[in-house]
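To start, the structure under review is shown below, and the notes come after it.
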Amino acid sequence: MVDIEINRPDVVAEVTRAFDRYEAALVGNDVAVLDELFWDSALALRYGATENLYGPRGDRRFPRGPSGGRCLAAQPRDRGP
């Protein structure tokens, strides 16, 4: 049997920092940070409350809001390479 250590302080701290950075970018509409944080792969899938975004262009295809930032809205599945 494999002995697995859970809630390692170093891993919890790393995940917490990554989550806090993502949350701040999402709330602050920091598109550059959001683009940096998402895996640049056709295999990437982001589950949303009302939509799923596929591939590296999923988040980048959010429509622009009045402030020029991206706003949350459903987009069709990106089937192209």
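The values are calculated or read from the model by the stated rules, or taken from the named source; none is laboratory data. What you see is a predicted model; the values in this text were computed from it and never measured. Ideal geometry is used to build each Cβ from the backbone, glycine not excepted, and the neighbour counts take in all protein chains shown.
Structure summary
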read-out: Top-ranked residue of region 19-39 - restricted to ones that are under 19 Å from P56 (Cα atoms) and of a type in the set (G, A, S), ranked as modelled with the lowest pLDDT; value: A32
read-out: Filtered residue count, region 1-60, keeping only those that are surrounded by 11 or more Cβ atoms within 10 Å (Cβ to Cβ), basic (K, R) and assigned to a helix (DSSP H, G or I); value: 2
